[in-house]
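What follows is a set of notes on a single structure, which appears directly below.
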Amino acid sequence: MDGLKLSADSLLYSHGGKPLIPLVTTSHLISKPRFLKPTTNCNNFTLTIGCRSCAGVRAGIFQDVKGLRTERFRRTNASASIQPVTTEVMEDKPKDLSVSGDSIRRRFLEFYASRGHKILPSSSLVPDDPTVLLTIAGMLQFKPIFLGKVPRQVARATTSQKCIRTNDVENVGKTSRHQTFFEMLGNFSFGDYFKREAINWAWELSTKEFMLPPENLWISVFEDDDETFSIWHDELGVPAERIKRMGAEDNFWTSGVTGPCGPCSEIYYDFHPQRGYSDTDLNDDSRFIEFYNLVFMQYNKKDDGSLEPLKQMNIDTGLGLERVARILQKVDNNYETDLIYPIMEKASELAMISYTEAEEHIKTNFKIIGDHVRAVVYLLSDGVFPSNIGRGYVVRRLIRRTVRIGRLLGIKGDCNGNIEGAFLPAIAEKVIELSTQIDSDVKSRAPRILDELKREELRFVQTLERGEKLLDQLLTEALLSSKEDGNSPCLSGKNAFLLYDTFGFPVEITVEVAEERGVSIDLNGFDIEMENQRRQSQAAHNTVKLAVGDTSELTESVSDTEFLGYNTLSAKAIIKGLIFEGSSVNEVSEGNDVEILLDRTPFYAESGGQIGDHGSLYLTQGESKQKTVVKINDVKKSFGNIFVHKGKVMEGAIEVGKQVEAEVDAKLRQRAKVHHTATHLLQAALKSVIGQETSQAGSLVAFERLRFDFNFDRPLQDSQITEVEELINGWIGNATNLDTKVMALTDAKNAGAIAMFGEKYGEEVRVVEVPGVSMELCGGTHVNNTSEIRGFKIISEQGIASGVRRIEAVAGEAYIDYMNVRDSYMKHLCSTLKVKPEDVTTRVESLMEDLRMARNEVSAVRSKAAVYKAATLVTKAFSIGTSTKIRVLVENMDDLDADSLKSAAEYLVDTLEDPAAVILGSSPGEGKVSLVAAFSTGAVKLGIQAGKFIGPVAKLCGGGGGGRPNFAQAGGKKPENLSDALEKAKTDLVAVLSEKAV
């Protein structure tokens, strides 16, 4: 659930502290999408695709839209230069009047390319910015430039950016324009042009390129921005009555508490200009839609809240593609444009329901499916796979919401005769078909996308029915309880969490279903349960505190550490600072732990998954080494790029200003190098064996092993593990020299270098390449030749989270150590079993079969003994009632195991005259309790159920349980309470049956 919440700061990336997609309501939905309305008659149409009476227009209206795509939009690579198109050239070209979504996108980009903007590709939906969960705006990839953290590469840019926003997911389908996935068309200036050009071009694009009637356009400006008002009114002639001054909440953009900021100006389309100018409200969603937002970054907000002019003023704009398509295609909502409608049409086909004839709430459901499947396909394509945290939870929530809605609409199976199949892939195929001009990578990743959708849907369906039954039961109980106590019906947070944790119900689905039944949810209680689970999960993780105590003066005086460790394992260095017990000191004596800051070092500091080097520091006098002074056992980065050497003073004392000889433990460094290069080979092998879509999700490069986390949704097969090992050991045997070089980040990415997700890279990066095998951005240490790795072995493969697997492996010396230990175990096993190594498996299987048979025999003997013992207890049964006697027996069976206890109870309930109720308990071992309740058919008909009866009894023994009405088992961990529990069982049984006996 937390994964769906965008931070407060992230919402400021639009303007005025609120998202670019405000709440919209609509009172009317058209019966069929019409992409252009006639002005007078068919012959006067600008385009004919919207006229149902025109010849050749069929029910499959989107075939006509495809015909409009006379020129396919081609995304330009970021490294390609865009040559501005002259005005004369543009005028000579035939005017493109197409209003398909693909055409609008292309026309926008070409418009700005002809004005000197470089067309850049959309960035991933997974942003580089760690403060934002998903890419929510077109400007996000340029944020470091706007904030002045990196220099600009171009002065002007234009993009069509894929975006995801889930903060208003509950409004999807209910309003005319709320979406989770959308495209933001943008033009950007990095210290080049400013307000006048941005406003003029936005107006020209709207009124001349897209031919929107000027009289239908309204403008909003920041209340104090007279310059912007003047440009709109005095230069472009927009009537003052159609220019609204609005406050900072609506029309002032900030990047945070401090930093770049500035006023905004927005263009709104008026669907009902006949209503005039009086009492107009641009937030009236039944009349207006904001489609173009211009942000003028001209100030820097200081700590005291004051504004100072920026040296470099920037432009950030955003035009919603789906919104413009809605306007130009003349439909009543974004969903009925050609960007989304074909997806809904496919869903309606699967549901065998006509969208055009459906009731409004059914149409809403189709809109949700169209939106959600579209979003999920692009998220999966960008490597976001279903999980219970973060981005993965966004995908899982959208998928499960779609599956449930599909079932409500009556979509069964894959609609190809397999009622147990998944329907999402069939709808996703339509999204993929429409994706070519949005993201060309989607089609190449289609098999993986469809497989993931199928698996996730079927996984959810397996628990959906059970969860639905439980939810229905819980809601019924809540409604009954509210009638009894007079309170409003409410489902507890604990039960909502049970549905989430056990049955995979996103709490939002639980809320939706509960609201349909008139029941509220204790969301605070749910959050508490979620936090408790999160705390338990995090309890096992170790955190490293890099911050120290009173060291502010120290960090100001110490510059970044010069790292020499790529080329040498020893170097002379000056001690620039000492930290003892969190404080800066000048000297540390023998026997004390210390943190040491050097001006230069050969020690590698922990980063990129590789642990820090170990080694020693020696005092130096001239060219000679003295006694070991400090044993270094870890190195980390802190205070930016300052290396903190952690160790213990073994002899003498060390002082600030002294020169030391820093020497890395060569054997341990070699182990780390081997494992780091092996990690690169492992990623390459996994991509080869299970698919290029898999990607690294974390790693650990240690001296004794490597650990590699990767995105994959199922366990690797034994054959796949073998293939991975064979590939890697083959590359090792090829004895390939590694190629390491430093290059520009853009050049490295264009060359195909893989970047580690979550890592931050500078303008220049280090690229480590195993020619023909692997190329990655990496600052770690590596072998010179793959032959140094010697050998590679996977020692474990397991799932650590939904959609994330973990491999642990050994290489180099650790590989030799591992194989020697395994060989020793095998020799000992062969000696014990007195067989050859090749016969061990057969011998063990034979022993296991003997053991299984022996256990079955013992179990049978115990069951017989239990029955014999139970036979002696029949006489202890007592009766309740006069005319209808109910036979009751409650007994302690000492140390019988659970299976034997079950056999005894079944014997007794069959032996005693119906109706009969039997409760048996035992303590089969230390700290163990077993309980059984067996009720005959007649007893159950009287209204008592074993499954419900046994639970409260088991609680007294520190346990729980349940089962069927006629038979139930339970366990506990407090044998000392067994007697009291059985006494309670007898008392409760007598009380209940006395009421029912006659």
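The values are calculated or read from the model by the stated rules, or taken from the named source; none is laboratory data. As the structure is a computational prediction, the values presented were derived from the model and not from experiment. Here the Cβ is made from the backbone with ideal geometry for all residues, glycine too, and neighbour counts use every protein chain on show. Heads up: the accessible areas ignore ligands, DNA and RNA and are worked out on the full protein's heavy atoms, side chains in. Shrake-Rupley method; radii C 1.70, N 1.55, O 1.52, S 1.80 Å.
What the table below lists for this structure:
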quantity: Largest to smallest accessible area among 516, 693, 290 [probe 1.4 Å]; calculated: 516, 693, 290
quantity: Inter-label distance for residue 473 and residue 600, nm, one decimal - labels placed 7 Å from Cα along Cα-to-Cβ; calculated: 7.3 nm
quantity: Neighbourhood net charge (12 Å Cβ-Cβ; Lys/Arg +1, Asp/Glu -1) for residue 275; calculated: -3
quantity: Neighbour-limited loop hits for trypsin sites (Lys or Arg not before Pro), segment 91-198 (at most 13 other Cβ within 10 Å; DSSP other than H, G, I, E, B); calculated: 95, 149
quantity: Sparsely packed trypsin sites (Lys or Arg not before Pro) within segment 879-940, loop by DSSP, other Cβ within 10 Å at most 15; calculated: 885
quantity: Inter-label distance, nm, simple model (7 Å from Cα along the C-beta direction), residue 702/residue 466; calculated: 3.5 nm
quantity: Debye equation applied to the C-alpha atoms of segment 684-836, log10 I(q)/I(0) at 0.18 Å⁻¹; calculated: -1.23
quantity: Three-way shape label, segment 930-998, alpha-carbon gyration tensor, a/c 1.5; calculated: oblate
quantity: Solvent-accessible heavy-atom area per residue, rounded to whole Å², over segment 703-798 at 1.4 Å; calculated: 48 Å²
quantity: Computed accessible area, residue 923, all protein chains, 1.4 angstrom probe, square angstrom; calculated: 40 Å²
quantity: Added length on full extension, which subtracts the Cα-Cα distance from 0.36 nm per residue, residue 839 to residue 418; calculated: 147.0 nm
quantity: Accessible surface, 1.4 Å probe, highest first, among residues 566, 815; calculated: 566, 815
quantity: In segment 380-487, GluC sites (Glu not before Pro) in a DSSP loop with at most 15 other beta-carbon atoms within 10 Å; calculated: 420
quantity: Stokes-Einstein translational diffusion, segment 251-331 - Kirkwood Rh over all Cα pairs, 1.306 mPa s, 10 °C, in µm²/s; calculated: 108 µm²/s
quantity: Segment 892-964: Lys pairs at Cα distance under 20 angstrom, eight or more positions apart or on different chains; calculated: 4
quantity: Using a Förster distance of 30 Å, the FRET efficiency for residue 822-residue 846 (Cβ separation, nearest 0.05); calculated: 0.85
quantity: Theoretical FRET efficiency, 1/(1+(r/R0)^6), r = Cβ-Cβ of residue 988 and residue 274, R0 56 Å, to 0.05; calculated: 0.15
quantity: Contour excess over end-to-end distance, with Cα ends at residue 574 and residue 307 and 0.36 nm allotted per residue; calculated: 91.7 nm
quantity: Charge tally in the Cβ shell below 10 Å around residue 400, where Lys, Arg are +1 and Asp, Glu are -1, residue 400 excluded; calculated: +2
quantity: Linear extension gain, residue 243 paired with residue 560, 0.36 nm per residue minus alpha-carbon span; calculated: 108.8 nm
quantity: Förster radius 25 Å - calculated FRET efficiency between residue 171 and residue 389, Cβ distance, rounded to 0.05; calculated: 0.55
quantity: Cross-link reach list, aspartates and glutamates versus residue 367, counting only Cα pairs under 15 Å and skipping chain neighbours closer than eight places; calculated: 168, 170, 322, 332, 336, 338, 345, 349, 357, 359
quantity: Solvent accessible area, Å² - residue 658, 1.4 Å probe, full protein context; calculated: 100 Å²
quantity: Cut-off 13 Å between beta-carbons: net charge of the residues surrounding residue 742, Lys and Arg +1, Asp and Glu -1; calculated: -3
